Amino acid sequence: MSPLRVLLVDDEPDVRAATAQALDLAGFQVQEFAAAERVLEMVSFGFPGIVVTDIRMPGMDGLTLMNRVHEIDRDVPVILITGHGDVQLAVRAMREGAHDFVEKPFAASQLSEIVARAADFRRLVLENRVLKAAAGQVDDLEQRLIGRSNAMIDLRRRIRTIGPSEADVLIEGETGAGKEVVARALHDLSSRAQRPLVTIDCAALPAALIESELFGHEAGAFAGALRPRYGKFEHARGGTILLDDIASIPLDLQGKLVRVIEQRTVTRLGSNEAIPLDVRFMATARVPLEAEVQAGRFRPDLLYRLNVVTLHLPSLSARREDIPLLFLRLLAEAASRHRVEPPEVPPSVIAQLTARDWPGNVRELRNAADRFALGLGEGLVSDAGPGRLAERVAEFERREIEAALAVHRGNLKPVYESLGLSRKTLWEKMQKYGLDKAQFGASTLREGE
């Protein structure tokens, strides 16, 4: 395996240069960053490296960066550099998932030893993932996009097909459905995985500076433009641009965006020179863009250039059978993050969670898992909905069986024992409701079942 990379973040140029030089002399491949935001463009689920960051920085601080990195891949080691008064903060960060920390002023050999241990840890993580994939175990994509419903199986299949291509992709789905997770998975499967994934939050771009932010500008292009500056499009050259919530872009700018996507060139404000742009475009939308076109709020030519491939993400309510496994996984992650023991989840609670509508989708379910891990589970469940008595009884029975299967990972013996059923009765009811123990992690060849 090639040497792992070290992403070094520090807003003080002299400290950053000295630290980078020390790590370089120790044999590490170092990339320097003055701001934390740039690091997130380099980190992916299979990122071959570690992060070393100062805690106190303007903008995004080191702790926030650590949490954002661990949202992408919880096994990326993050080492914190602290000042003398930040030791207690660093200790708290260790409880929250930091790999290690070093206090200023530190010896170069001390930091090199800590980085070497973190690199060894990361190398083992990546090697284990390769071995698991070779053994036919769950791959990275199934860990990122959890679910055994037909909708999720088909989504993962399409991602594996589309990811290695150069096709531009439009990702549509409700808030919290995982659009950015899908975009990152597509990027990580592509030949551009080692280049930046630059996410542009279209809804947050300042109206007065939107063109400068995207296209860049030359010196003197407008009042206050004292020096040339390249925009986010140029920054992503060789990588992927994700236009998040693209329906928020003003109509007049949409026309300029059409030309950028079609010609793969960008022209800075105040310049007539077209700069080649080697990028792949992805875009996300919370609402169907065809409806926005019909309403006159979105240009049809921009839609046609973006939707070479369109992925529709199912809402959580459209794949309720995934909720038990997904909640248990999110609960385990929440317990690890908060340094508590994962609480036991009664099947009745999971059954009611499955029946509940989740307008915030996976994001809302993750928040519920956080509260449950902290012992704040009140209000997670809701009453059964309306319907005929027989239908409500059948739905309740199906949810109870499904929840018990999820809790016991598809092992039938504890399921029929906990429900007070015979093995034959449980089997008949599973057939009636279309439940398969393999959906819940059980082997179809398990002895005695």
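Annotation note: of Arg38, Arg74, Arg56, the sole residue that is of a type in the set (D, E, K, R) and out of contact with any Ser or Thr (no Cβ under 9 Å at 6 or more places or on another chain) is Arg38.
From the list Ala34, Ala20, which one is surrounded by fewer than 19 Cβ atoms within 10 Å (Cβ to Cβ), without any contact (Cβ under 8 Å) to a residue 60 or more places away in the chain, within 21 Å of Gln110 (Cα to Cα) and not assigned by TED's automatic domain parsing to the domain that holds Asp188?
On the way: Ala34 fails: within 21 Å of Gln110 (Cα to Cα).
Selected residue: Ala20, the only one of Ala34, Ala20 that is surrounded by fewer than 19 Cβ atoms within 10 Å (Cβ to Cβ), without any contact (Cβ under 8 Å) to a residue 60 or more places away in the chain, within 21 Å of Gln110 (Cα to Cα) and not assigned by TED's automatic domain parsing to the domain that holds Asp188.
Do you know which residues across region 306-348 are more than 20 Å from Gly178 (Cα to Cα) and in contact with a Phe, Trp or Tyr (Cβ under 8 Å, 6 or more places away or on another chain)? Of everything in region 306-348, those that are more than 20 Å from Gly178 (Cα to Cα) and in contact with a Phe, Trp or Tyr (Cβ under 8 Å, 6 or more places away or on another chain) turn out to be Pro343, Val345.
Sub-8 Å Cβ pairs linking a first residue in region 89-110 that is surrounded by 14 or more Cβ atoms within 10 Å (Cβ to Cβ) and of a type in the set (Val, Ile, Thr) to a second residue that is at pLDDT 75 or above and part of a helix (DSSP H, G or I), at least 6 apart or interchain, are Val102/Gln110; Val102/Leu111; Val102/Ile114, ordered by first then second residue.
Restricting the search to helices (runs of 4 or more DSSP H) fully inside region 115-218 and requiring at least 1 residues that are farther than 18 Å from Leu313 by Cβ and of a type outside the set (Asp, Glu) gives 210-215. Working only within region 27-62, note down all residues that are closer than 17 Å to Glu12 by Cα and of a type in the set (A, V, I, L, M, F, W, C). Those that are closer than 17 Å to Glu12 by Cα and of a type in the set (A, V, I, L, M, F, W, C): Val30, Phe33, Ala34, Ala35, Ala36, Val39, Val51, Val52, Ile55, Met57, Met60. Residue pairs whose Cβ atoms lie under 6 Å apart, separated by 6 or more positions or on different chains, with the first residue in region 369-383 and over 15 Å from Leu330 (Cβ atoms) and in the same structural domain as Arg329 (by TED's automatic domain parsing) and the second surrounded by 11 or more Cβ atoms within 10 Å (Cβ to Cβ) and modelled with pLDDT of 60 or more, are Val381/Gln352; Ser382/Arg356.
A Cβ distance below 9 Å, combined with a sequence gap of six or more or placement on separate chains, defines the contacts here; from region 315-335, residues that are free of Cβ contacts under 8 Å to residues at least 12 places away in the same chain and in the same structural domain as Glu402 (by TED's automatic domain parsing) reach residues that are small (Gly, Ala, Ser) and part of a helix (DSSP H, G or I) in the pairs Ala332/Ala369; Ala332/Ala373. The residues in region 87-102 that are at pLDDT below 85 and assigned to a strand (DSSP E or B) can be counted, and the count is 0.
Let's see how each residue does on (1) surrounded by 13 or more Cβ atoms within 10 Å (Cβ to Cβ); (2) at pLDDT 85 or above; (3) not in a strand (DSSP E or B):
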position: Phe222; (1), (2), (3): yes, no, yes
position: Arg237; (1), (2), (3): yes, yes, yes
position: Leu242; (1), (2), (3): yes, yes, no
position: Gly255; (1), (2), (3): no, yes, yes
position: Arg259; (1), (2), (3): yes, yes, yes
position: Met282; (1), (2), (3): yes, yes, no
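Examine region 296-312 for a residue that is of a type outside the set (A, V, I, L, M), modelled with pLDDT of 90 or more and within 22 Å of the chain's Cα centre (by Cα), and state whether such a residue exists. The answer is yes, given that some residue of region 296-312 is of a type outside the set (A, V, I, L, M), modelled with pLDDT of 90 or more and within 22 Å of the chain's Cα centre (by Cα).
When region 6-59 is filtered for residues that are assigned to a strand (DSSP E or B), aliphatic (A, V, I, L, M) and closer than 24 Å to Val181 by Cβ, the ones remaining, listed by number, are Leu7, Val9, Ile50, Val51.
Answer yes or no: is there a residue in region 360-382 that is part of a loop (DSSP other than H, G, I, E, B), at pLDDT 80 or above and surrounded by 15 or more Cβ atoms within 10 Å (Cβ to Cβ). Yes, region 360-382 contains at least one residue that is part of a loop (DSSP other than H, G, I, E, B), at pLDDT 80 or above and surrounded by 15 or more Cβ atoms within 10 Å (Cβ to Cβ). Output yes when any residue across region 242-264 is closer than 20 Å to Glu180 by Cβ and of a type in the set (Ser, Thr, Tyr), and no when none is. Yes, that holds for at least one residue.
The numbered conditions (1) over 26 Å from the mean Cα position of the chain (by Cα); (2) farther than 19 Å from Ala167 by Cβ are all true for Glu262 except (2).
The values are calculated or read from the model by the stated rules, or taken from the named source; none is laboratory data. Owing to the predicted nature of the structure, the values given are computational and were not obtained by experimental measurement. All Cβ positions, glycine included, derive from the backbone under ideal geometry; neighbour counts span all protein chains shown.
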